[in-house]
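Okay, structure first, notes after.
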Amino acid sequence: MNNQVVCIVGKPNVGKSTLFNKIVGERISITEDTPGVTRDRIYGIGNWLGREFSIIDTGGLDTRAQDDFMHNIRLQADIAIDAADTILFVVDGVTSVTSSDRDLAEILRQTKKKILLVVNKFDSKKTYENRYDFFELGLGEPFYVSAEQGQGIGDLLDAVIEGQPVEEEGQEEDRVRVSFIGKPNVGKSSLINYILGENRNIVTNVPGTTRDSIDSYYHYEGTDYVFVDTAGLRKRKKIEEKVERYSAVRTLSSIDRSHICVLLIDAKEGVSEQDAKIVGYAHDRHKGIIIAVNKWDAVEKDNNSIRKYEKAIRERLPFMNYAPLIFISAKTGKRVQDLLQLINLVNNNYSLRIPTGVLNDLLNQAVLMKQPPSDKGKRGKLYYGSQVATRPPKFTMYVNDKDLFHFSYRRYLENQIRQAFSFDGVPLRFSYKERGEED
């Protein structure tokens, strides 16, 4: 991607996430009146007057706080700032200039990056009264905006794209979205960090550290991927804060937008009710699915451990027999490379198309081996089938009577197709139509 990278920084609760959402045009960052709610880098794509740019929303920086989360947030912001071409330094116009603003301005001046000072909440009378105070930060003439109302955003974006050529469209559509899903603290962030080779997401022993779904771009063996680190879904009774509810919705939304989902299971805990629910949602949404058992290095094993563990998972998730299973350790990197190859395989299977002639040769052979059911002297007939779509693969079977093709026989035909072709990790969709029935 040749477009520039824009990073939003500032102290907590100045409106960074609201500005991010306004620029991106969708509610990606969580906006809440709780300081420090955005704790990771949140990526999005902005577009203004034909110029596309990547935009990063960082956690609120308090230069004087000493807690562990603030230390991690500073590391995240340093990575984001280092990657950025343009920095939007957001300050709160109502409270005027603070000591944290001065400290941050000093840090940002040393980066030698293009810095745009953004005074937010200009819809307030108090901000108008304070408007000249911000010149003391030494960052040039401020841009006065109201992120909530959209006031002044156009002038700010004009400055962001100044000198940037118009980008060609269609880049994002070529990327394959892979969501890493599972319970809190199962190792999703650690796994993505290992793959990317940097401290991309905050990793602690506190469950639920990742509140938002976070995009990371990755190129592997000729394919561009977007790896999505999702917030872990908790049991409903434990979801109390509004922030947690937003995170749950964000996770499901990430699954909707993904092509492939990797379910991470904690090897020490096994498959939980929440694991079954979240992968069930991905299955219902017809996503490619891989099951990865993480923390395998922490489990005592014998020669039959993998076999017994896989049997337990298959029994717990009987509807997921098509999903490949892999045992990994995000901590040591064991089989992580194999997981990447498996993601590539599932992505290729997701796009696989069977020629109509080849498919019907297979179906004819399947019917010869096992005749369709009959009822009251009438036997089902399968005239022909065709694959009508990919991503996910969808087949239409033309028959004499749909009611005669019961679930068991439909499953038999699906199994015959799976045995003949590589559809590992991919749900197959089927529709049965009678002659003359509209497609």
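What number goes with the only condition from (1) open to solvent by 80 Å² or more (accessible area, probe 1.4 Å); (2) farther than 27 Å from residue 179 by Cβ; (3) out of contact with any helix residue (DSSP H, G or I) (no Cβ under 8 Å at 6 or more places or on another chain) that residue 437 does not pass?
(1)
Taking residue 391 as meeting all but one of (1) part of a loop (DSSP other than H, G, I, E, B); (2) open to solvent by 60 Å² or more (accessible area, probe 1.4 Å); (3) modelled with pLDDT of 95 or more, write down the number of the exception.
(3)
Any residue in segment 320-333 that is charged (D, E, K, R), out of contact with any Cys (no Cβ under 8 Å at 6 or more places or on another chain) and at pLDDT below 95? Write out each step before concluding.
The initial filter retains those residues of segment 320-333 that are charged (D, E, K, R), namely 331.
Going one step further and asking which of them are out of contact with any Cys (no Cβ under 8 Å at 6 or more places or on another chain), we end up with 331.
With at pLDDT below 95 added as a condition, the list becomes 331.
Within segment 320-333 (the criterion being charged (D, E, K, R), out of contact with any Cys (no Cβ under 8 Å at 6 or more places or on another chain) and at pLDDT below 95), the answer is yes, since at least one residue qualifies.
Does segment 300-317 hold any residues that are exposed (fewer than 14 other Cβ atoms within 10 Å of the Cβ) and in a loop (DSSP other than H, G, I, E, B), and which are they? First the steps, then the outcome.
Within segment 300-317, the first condition is being exposed (fewer than 14 other Cβ atoms within 10 Å of the Cβ), and the residues that meet it are 300-304, 307-308, 311-312, 315.
300, 301, 302, 303, 304 - these are the residues of segment 300-317 that are exposed (fewer than 14 other Cβ atoms within 10 Å of the Cβ) and in a loop (DSSP other than H, G, I, E, B).
State whether one or more residues within segment 94-101 are within 32 Å of the chain's Cα centre (by Cα) and either at pLDDT 85 or above or among the acidic types (Asp, Glu) (or both). Talk me through it step by step, then tell me what you get.
Filtering segment 94-101 for residues within 32 Å of the chain's Cα centre (by Cα) gives none.
Checking segment 94-101: not a single residue is within 32 Å of the chain's Cα centre (by Cα) and either at pLDDT 85 or above or among the acidic types (Asp, Glu) (or both).
Among the residues of segment 299-328, write down those that are among the hydroxyl-bearing types (Ser, Thr, Tyr) and touching a Leu at 6+ places or on another chain (Cβ under 9 Å). Talk me through it step by step, then tell me what you get.
Step one: list which residues in segment 299-328 are among the hydroxyl-bearing types (Ser, Thr, Tyr), which gives 305, 309, 322.
Listed by number, the residues that qualify are 309, 322.
Take the residues of segment 402-412 that are open to solvent by 30 Å² or more (accessible area, probe 1.4 Å) and in contact with a strand residue (DSSP E or B) (Cβ under 9 Å, 6 or more places away or on another chain): which is nearest to residue 365 (Cα to Cα)? Show your work before the answer.
Within segment 402-412, the subset open to solvent by 30 Å² or more (accessible area, probe 1.4 Å) is 402-403, 406-408, 410-412.
If we keep only those that are in contact with a strand residue (DSSP E or B) (Cβ under 9 Å, 6 or more places away or on another chain) as well, we get 402-403, 410.
On the way: 402: 20, 403: 22, 410: 15 Å.
In this case the residue turns out to be 410.
Go through segment 413-428 and give me each residue that's surrounded by 13 or more Cβ atoms within 10 Å (Cβ to Cβ) and either of a type outside the set (A, V, I, L, M, F, W, C) or touching a His at 6+ places or on another chain (Cβ under 8 Å) (or both). First the steps, then the outcome.
Here is the first cut: in segment 413-428, the ones surrounded by 13 or more Cβ atoms within 10 Å (Cβ to Cβ) are 413-418, 420-421, 423-428.
Of everything in segment 413-428, those that are surrounded by 13 or more Cβ atoms within 10 Å (Cβ to Cβ) and either of a type outside the set (A, V, I, L, M, F, W, C) or touching a His at 6+ places or on another chain (Cβ under 8 Å) (or both) turn out to be 414, 415, 416, 418, 424, 425, 427.
Just checking, how many residues over segment 340-352 are open to solvent by 20 Å² or more (accessible area, probe 1.4 Å) and closer than 16 Å to residue 178 by Cα? First the steps, then the outcome.
Of the residues in segment 340-352, the ones open to solvent by 20 Å² or more (accessible area, probe 1.4 Å) are 341-342, 345, 348, 351-352.
Among the residues that remain, those that are also closer than 16 Å to residue 178 by Cα are: 341-342, 345, 348, 351.
Total satisfying the criteria: 5.
Please enumerate the residues belonging to segment 124-139 that are open to solvent by 10 Å² or more (accessible area, probe 1.4 Å) and within 22 Å of residue 57 (Cα to Cα). Walk me through it before giving the result.
Taking segment 124-139 and keeping what is open to solvent by 10 Å² or more (accessible area, probe 1.4 Å), we get 124-126, 128-133, 135-136, 138-139.
Passing the criteria: only 139.
Within segment 75-87, is even one residue modelled with pLDDT under 85, assigned to a loop (DSSP other than H, G, I, E, B) and closer than 21 Å to residue 101 by Cβ? First the steps, then the outcome.
Step one: list which residues in segment 75-87 are modelled with pLDDT under 85, which gives 75-84.
Applying the additional criterion that residues be assigned to a loop (DSSP other than H, G, I, E, B) yields 84.
Then keep just the ones that are closer than 21 Å to residue 101 by Cβ; that gives 84.
Yes; the residues of segment 75-87 include at least one that is modelled with pLDDT under 85, assigned to a loop (DSSP other than H, G, I, E, B) and closer than 21 Å to residue 101 by Cβ.
Would you confirm whether or not segment 318-339 contains a residue that is surrounded by 18 or more Cβ atoms within 10 Å (Cβ to Cβ), among the hydroxyl-bearing types (Ser, Thr, Tyr) and without any contact (Cβ under 8 Å) to a residue 60 or more places away in the chain?
For segment 318-339, residues surrounded by 18 or more Cβ atoms within 10 Å (Cβ to Cβ), among the hydroxyl-bearing types (Ser, Thr, Tyr) and without any contact (Cβ under 8 Å) to a residue 60 or more places away in the chain: present.
Of all residues in segment 349-388, how many are assigned to a strand (DSSP E or B) and acidic (Asp, Glu)? I'd like the intermediate steps shown before the answer.
Start the filter on segment 349-388 by keeping residues that are assigned to a strand (DSSP E or B), which leaves 374-375, 378-379, 382-388.
Filter once more, keeping what is acidic (Asp, Glu): 375.
Summing the residues that are assigned to a strand (DSSP E or B) and acidic (Asp, Glu) in segment 349-388 gives 1.
The values are calculated or read from the model by the stated rules, or taken from the named source; none is laboratory data. Keep in mind that this is a model prediction, so the values were computed, not measured. For neighbour counting, all protein chains shown are included, and Cβ atoms are generated from backbone atoms with ideal geometry for every residue, glycine included. What goes into the accessible areas is simple: the full protein's heavy atoms, side chains included, and nothing from ligands, DNA or RNA. Shrake-Rupley method; radii C 1.70, N 1.55, O 1.52, S 1.80 Å.
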